[in-house]
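Each value in this text was obtained by applying a stated rule to the coordinates, not by laboratory testing. Note that the structure is predicted; figures quoted are calculated from it, not measured. Positions of Cβ are generated from backbone atoms using ideal geometry, with glycine treated the same way; all protein chains shown enter the neighbour counts.
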Amino acid sequence: MRIKQISVKGLFGIFEHIIPLNLDERITIIHGPNGFGKTAILRLLNGFFNSRYSELRALAFRSFRVEFDDSSVIEIIKNSENDKKKYNDIGFYFYQPNLEKLSFYPKQIQIRSDIDFPISILDDVIPGLERIGPRKWLYLTEETLSLEEVIERFENLLPANFFKLQESQEEPKWLENLKSNIHIRLIESQRLLNFVPKRSSRINRPTPSMLSTVSAYSDELAKLMQDKFKEYGTISQSLDRTFPVRVVKQQPSSDLTDEQLGIQLNNLEEMRSHLIEVGLLDKDEDTEFQIQPQDIDESTKNALSVYVEDVEKKLSVFAEVADKIELLRTIINNKFAYSYKEISFSKDKGFVFSTHYKSPLSNTKTLLPTDLSSGEQHELVLLYELLFKVEPNSLVLIDEPELSLHVGWQIQFLKDLQEIIKLTDLDVLMATHSPDIIQDRWDLTVELKGLEK
């Protein structure tokens, strides 16, 4: 199930936009003047499919409609200020061919009046939040949030007894099923800061602190690589334990020629060398598959055929993550070469940055993630998100991919994105101001226009 078209009416009380998605090319680019609602459209999609209903309430629109490739439609309608049913300020309506319309009205969160929890400490509990009024906060995305919107968006960071719903908020099964079929991930324009858990001394629960996203993702990748190596070790132990029995029971490999076996062994050695190169395996000279044809007799061939199957199973654990690391490494090093930098990877550190430039001011060749420029961090974070943070068959929303990027990098962005889509099976909807991002692919674009004069 994929989104075929989105449309909005009364956006900011002014605009009406229709955006058909390019399902074949899998990339759709929306562009237009500032203030026409590019970011707002991404936030509406993200707000609905990820149940962040405060996003829907914060934005001014009359109706938002999403059409799917199976001819079903979800429509979100905001009631007017004069509507007598104002307590149902938002309604979800689901239409399917030849079936009855379904509806749901999400309830707003209410703050408990008897709670002993000073709202003044919300700034400490929720990083990126700055209080600008008695019940108003400015978030790092430059959004102004009411107290209710803060609670609804960040309820997972707050004590459970701090708020209550007007009534039961259980969503109907049809809505759960719809959201389970459509995966949306928003990559926001503010992407260089990340939240990581730490213990708070003011309330007895984990609270996040700010960390550079590059540092956070470096730690995350190291953990992923370590987990894959543990999985590799578990499979290896299992196969090695039963190897002698399986060799004895193996039928003679009369159909397998010495040349074919040699090719298989060479392929395994190339695969192992590649995994060492991207940091997933440690170098071990004793495991090289250097066997000469004259050393292979019939009994050796049977043992080696079992051995080849085992090694293929072991190394297959790394296949997906190795392909992603290799593509990330290729794209980043092509870009970073201009500033004499290089990225590599290790199970201990995740990202490893180094410089090839010899400076009389420093002999240091290793760089910290925060030593990268703003543009380099933006590029790395965006690519990492696309490769490692998104489920297959998702629709990824990218807000202003050109931020802090050199024109040359912007020109290359669509080609890089197409390579990522081939590997990860994604659809992309992006909002941009940059003609350098678009290049000659205006066929992928939808222009947001104002009212006809």
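For the range 327-341, 3J(HN,Hα) computed residue by residue from phi via the Karplus equation (6.51, -1.76, 1.60; θ = phi - 60°) reads 5, 4, 4, 4, 5, 5, 5, 5, 7, 6, 4, 5, 10, 6, 10 Hz, glycine and proline entered as x. Centre-to-centre, using Cα atoms only, the range 379-453 and the range 1-73 are separated by 16 Å.
In order along the range 53-65, phi translates into HN-Hα couplings of 6, 5, 4, 5, 6, 6, 8, 8, 7, 9, 8, 9, 10 Hz, rounded to whole numbers, per the Karplus curve 6.51 cos²θ - 1.76 cosθ + 1.60 with θ = phi - 60° and x for Gly and Pro.
For the listed residue pairs 223/347; 324/347; 38/335; 179/228; 314/422, the alpha carbons are over 18 angstrom apart in 38/335; 179/228; 314/422. Neighbours of residue 213, meaning other residues whose beta-carbon lies under 14 angstrom from its beta-carbon, give a summed charge of -4 when Lys and Arg score +1 and Asp and Glu score -1.
The phi torsions of the range 379-391, fed into the Karplus equation with coefficients 6.51, -1.76 and 1.60 and a -60° offset, translate into couplings of 4, 5, 4, 4, 5, 4, 4, 5, 7, 10, 9, 10, 5 Hz, rounded to whole numbers, with Gly and Pro shown as x.
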